[in-house]
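One structure is given below, encoded as structure tokens.
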Amino acid sequence: MTIKKGFVGILVANRAQRKHVLNQYLSYNAAGVKLISFTPSSIDWKRRTVVGLHRVKGRWSIGRFPLPQVVYNRCYGSDPLLIERLEATIGGDHYFNHINQLNKLDIYNKLNRWLAPNLPETIPYEEADVMSMLERHMEIYFKPLFGCMGKGVYRAEMNPSGDIRVGQHYFAPKTVTSDHVFFQEHMKKLVSSNPYIVQKGIPIRQIDGQVFDIRALVQKNEQGLWSVTNLVSRIAYKGSFNTSIFVKTCLSQEILKKLYPPDKVQAIMTSIYDVSLRTAEIIEMETDYHLGEFSVDVALDSDAHPWIIELNGKPQKDLYRGIPNRSVVYQRPIQYARYLCGKPSL
């Protein structure tokens, strides 16, 4: 099959996701490449073909295709065997976001060499270190080493009287104790045998009594260069610290305009753009990840200083429903894929 503008496959987790995901990108396929969606189980390694979904003259159709020139991974998680086989077949430089379930501690350690002023102290969860971390910062978060959507995240706060308050999703505690041994045992049960990190809490700026974050979407463009597509904020429910469970989303500028004067808004946005692009450069320099996009979740403290809370290797695209000019969110990965189609595989 010869396709002048390139042949790109979007890898999804299962057949039920094929139409929804592909439809998002077809609507904004300004690059004019041939697009299909397929699943890992649809790959025939011997024949080097895939069974995929595509749209022809407005109709959905299933067909068998050669392995695409470029694969854009929209499966969450990392299957080492799949990565190895696809990279060996089409080339690692033609398979992007192959790793999107990021190790929070590894990312922190790599960024901390360059961006320490923008990173809250983060350590691996070890029972012996928890109390000193809590006493030092008075507020800490326990997060799964590999995790998303705020699942399994716990907050611990020590008040001046020495009481420790532990909660999940909400600031209101589920457990209150002044017994350090009980607290340690309680946390050990909550995290179980899963690998966790412990992160310093940030006094997050709020709007109307609600926590919000700023998500910088960082994507590669048609020249293969990093750019920040937009800054979008998620506003948490009242009393909640988890912005993954949000009331609404909007462009971050809308919130910032309500909190700061215009010159301060511009300065904040510029600082977040700079930190996000620097993050992309560091990840590219310090890892062997081939990413075409990721997001940087930022929180502002009471002084409007930006703190990188975490990175997301599979940005949630449904987040951008109703956001102005959202088309570029979907265009960029296809533009980058088109750029890769024009490069010889290494």
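The values are calculated or read from the model by the stated rules, or taken from the named source; none is laboratory data. What you see is a predicted model, and the numbers here were worked out from it, not measured in a lab. FYI the Cβ positions are ideal-geometry reconstructions off the backbone, even for glycines, and counts take in every protein chain you see. Ligands, DNA and RNA are stripped out before the accessible areas are found, and what is left, the full protein with its side chains, is counted by its heavy atoms. Shrake-Rupley method; radii C 1.70, N 1.55, O 1.52, S 1.80 Å.
Annotations for the structure displayed:
- Per residue, the range 68-206 exposes an accessible area of 46 Å² to a 1.4 Å probe, with every protein chain left in place.
- If both residues of a DSSP beta bridge must be in the chain, then about 85% of such bridges are antiparallel.
- Whole-Å distance, taken between Cα centres, linking the range 152-221 and the range 90-145: 15
- Shown is the FRET efficiency for D79 and M285, computed with R0 = 25 Å from the Cβ-Cβ distance and rounded to the nearest 0.05: 0.45.
- Counted residue by residue at 0.36 nm each, then reduced by the alpha carbon distance between them, the extension gain from N23 to R136 reaches 35.7 nm.
- Karplus-based coupling profile of the range 284-297, in residue order and whole Hz: 5, 7, 9, 10, 9, 5, 9, 9, x, 6, 6, 10, 10, 8, with θ = phi - 60° in 6.51 cos²θ - 1.76 cosθ + 1.60 and x standing for Gly or Pro.
- Only Lys, Arg (+1) and Asp, Glu (-1) charged, at Cβ; the range 284-346 dipole about Cα centre in debye: 620
- Cα-only Debye scattering, the range 112-182: base-10 log of I(q)/I(0) at q = 0.25 Å⁻¹: -1.29
- Each residue of the range 6-16 was assigned a 3J(HN,Hα) from its phi angle through the Karplus curve 6.51 cos²θ - 1.76 cosθ + 1.60 (θ = phi - 60°); the sequence is x, 10, 10, x, 9, 8, 10, 6, 8, 5, 5 Hz, with glycine and proline shown as x.
- Each residue of the range 139-147 was assigned a 3J(HN,Hα) from its phi angle through the Karplus expression (A = 6.51, B = -1.76, C = 1.60, θ = phi - 60°), giving 8, 9, 10, 9, 10, x, 4, 10, x Hz with x at Gly and Pro.
- The label-point distance for S271 and S193, in a model that sets each label 7 Å from Cα toward Cβ, rounds to 4.4 nm.
- Adding -39500 (n - 2.57) for every DSSP H run of four residues or longer, then dividing by how many residues the chain holds, sets the calculated 222 nm ellipticity at -10000 deg cm²/dmol.
- Inter-part distance where the range 231-258 and the range 3-62 are each reduced to a Cα centre, Å: 33
- Ligands, DNA and RNA left out, the 1.4 Å accessible surface of the range 30-139 is 50% carbon and sulfur atoms.
- Positive-end ranking of Q266, L102, W226 along the dipole of the chain, with charges on Cβ about the Cα centre, is headed by W226.
- Nearest-ten-degree value, helix 80-90 long axis tilted from longest Cα axis of the chain: 30
- Of the residues M133, M269, ranked by 1.4 Å probe accessible area with the largest first, the sequence reads M269, M133.
- Simple rule: put +1 on each Lys or Arg Cβ and -1 on each Asp or Glu Cβ in the range 157-205, find the dipole, and look at I164, I202, L190; the Cα lying farthest toward the positive end is I202.
- 0 to 90° range, to nearest 10: angle between helix 180-191 axis and the chain longest Cα axis: 10
- Among the trypsin sites (Lys or Arg not before Pro) within the range 1-106, those in coil by DSSP and having at most 15 neighbouring Cβ atoms inside 10 Å are K4, K5, K46, R47, R48, K57.
- Taking a straight line from the alpha carbon of K57, these lysines sit under 28 Å away, with near neighbours fewer than eight places off in the same chain left out: K4, K5, K19, K34, K317.
- The C-alpha atoms of the chain define a longest principal axis, and helix 327-341 lies at about 50 degrees to it.
- Sparse-neighbour loop sites [trypsin sites (Lys or Arg not before Pro); the range 198-279; at most 16 other C-beta within 10 Å; DSSP]: K238
- Across all directions, the shadow cast by the convex hull of the chain built on its C-alpha atoms averages 18.8 square nanometres.
- Its Cα centre serving as origin, the chain has a Cβ charge dipole (Lys and Arg +1, Asp and Glu -1) of approximately 2300 debye.
- Long-range amide H partners of L145 with built H, under 5 Å: Y196, I197
- Taking a straight line from the alpha carbon of K257, these aspartates and glutamates sit under 18 Å away, with near neighbours fewer than eight places off in the same chain left out: D208, D213, D301, D303.
- Database remark: amide H of Y95 closer than 5 angstrom to the amide H of V71 (H placed geometrically; neighbours at sequence offset of 5 or more, or on other chains; Pro and chain starts carry no H).
- Built amide H within the under 5 Å cut-off of N230, gap 5+: L217
- Highest-fluctuation residue, P195, P306, P324 considered, GNM on the chain with Cα pairs under 10 Å: P324
- Beta bridges per DSSP, both residues in the range 1-112: antiparallel share near 50 percent.
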